[in-house]
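First the structure, in the form of structure tokens, and then the observations on it.
Every number here is computed from the coordinates shown, using simple stated rules; none is lab data. Just so we're clear, the structure is a prediction, and the values are computed from it rather than from any experiment. Note that each Cβ is placed from the backbone with ideal geometry, even for glycine, and that neighbours are counted across all protein chains shown.
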Amino acid sequence: MNILIIGPSWVGDMVMAQTLFICLKHQHPSCNIDVLAPEWSRPILERMPEVRQALSFPVGHGVLDLATRRRVAQGLRGQYQQAILLPNSLKSALVPFLAGIPKRTGWKGEMRYGLLNDLRKLDKARYPLMIERFMALAFEPDAALPQPYPHPQLRIETHSRDQALARFGLSLDRPVLALCPGAEFGESKRWPAAHFAEVAERKIREGWQVWLFGSKNDHPVGQDIVQRLIPGLREEVVNLAGETSLAEAIDLLSCADAVVSNDSGLMHVSAALGRPLVAVYGSTSPAFTPPLSDRVETVRLGLECSPCFDRTCRFGHNNCMRELLPGQVVEALERLVPQPVEVR
């Protein structure tokens, strides 16, 4: 049985999608799972043992480009018995329909009648978590989900990790604190640079080194964190934001002895790598997309105005992040990784 997954468009969602792949493999151990998704997601999918192959989808997020969708569909004809759609958009349903895949499964979404023939109506109260909404598509409607829920687990190849360490001249002679200060969704999900810098200073004084991760857009905030440290401590920090590929970032994060992250794609990557993780929440909620790991502490204030899920604070104060002090994060780190840390 060959199953085509139409993958999501965000890093964190793609990591969480592994819960669906695990369920499918438990249901159909000999099935082949291919994922049609943006090319950027290949490094994530290649680290999931359940996925046979990642198929690059050449159409940008939100773009119709019907001619390209037809061409992609033509190349998929006759290869799959089922397609499962994780996005809820009408556009995402076009390729499986045009490819003539016999069973096309997904949530109701944007008026997809006719395009999907296994159309499900989502009960948000029954499935409050995103992974529940993903996993449910592996089963018949109204079936009970398996307990406990599976956790994403990304597989790391030693040679790939070692190449990344060598490329950036990194050493594991001291414990590594990874900081992920970015969040593509918006400013409201970002813990202040000054708070990250204070955590970095505390851990550097305890003998740790600090690696900063993120996209090219996060490089400036990484530099801001570095500049907030006194000169003698700055040399213990490496700003990798925007310098690594996603594949390198995943491999290097696997080396971290602890991670502090905003609610972001790299938060989910860190959890799937089994790293001790402190996840900082403000405008969003772990009640919908929590990091999936047994080595996680989530830290939030739970103000009356949060979670608001706004990209920017509607009141302009961003108190849900600004008033969440570094000491709370440091205490969570110390519960996860008691001192001293054994140097590898």
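Counting Lys and Arg as +1 and Asp and Glu as -1, what is the net charge of the other residues whose Cβ lies under 14 Å from the Cβ of Pro291?
Around Pro291, the charge tally is 0.
What length, rounded to one decimal in nm, is gained on full extension from Arg234 through to Ala143, with 0.36 nm per residue of separation minus their alpha-carbon distance?
27.4 nm
What relative contact order, as a whole-number percentage, does the chain give when Cα pairs under 8 Å and 6 or more residues apart are counted?
Dividing the mean separation by the residue count of the chain yields 16 percent.
Between Phe288 and Arg71, what is 0.36 nm times their sequence separation minus the Cα-Cα distance? Round to one decimal in nm.
That works out to 74.5 nm of additional length.
Within 10 Å of each residue's Cβ, count the other Cβ atoms and sort Thr284, Thr289 from fewest upward. Mind showing how you got there, number by number?
Numbers: Thr284 23, Thr289 19.
Exposure proxy ranking, most exposed first: Thr289, Thr284.
At 0.36 nm per residue, minus the direct Cα-Cα distance, what do Lys124 and Thr158 gain on full extension? Give it in nm, one decimal, please.
Numbers: separation 34, 0.36 × 34 = 12.24 nm, distance 4.07 nm.
This chain segment gains 8.2 nm when fully extended.
When the dipole is taken about the Cα centre of the chain, and only Lys, Arg (+1) and Asp, Glu (-1) are charged at their Cβ, what size is it in debye, to the nearest 20?
Taking the Cα centre of the chain as origin, the dipole is about 1160 debye.
Given a Förster radius of 35 Å and the C-beta distance between Leu64 and Glu334 as r, what FRET efficiency does 1/(1 + (r/R0)^6) yield to the nearest 0.05?
0.10
Could you name the lysines whose alpha carbon sits less than 28 Å from that of Lys103, not counting residues in the same chain fewer than 8 places away?
Lys25, Lys91, Lys121, Lys124
State, to one decimal in nm, how far the label point of Ala247 lies from the label point of Arg314, with both points 7 Å from Cα in the Cβ direction.
Here the answer is 4.4 nm between the modelled labels.
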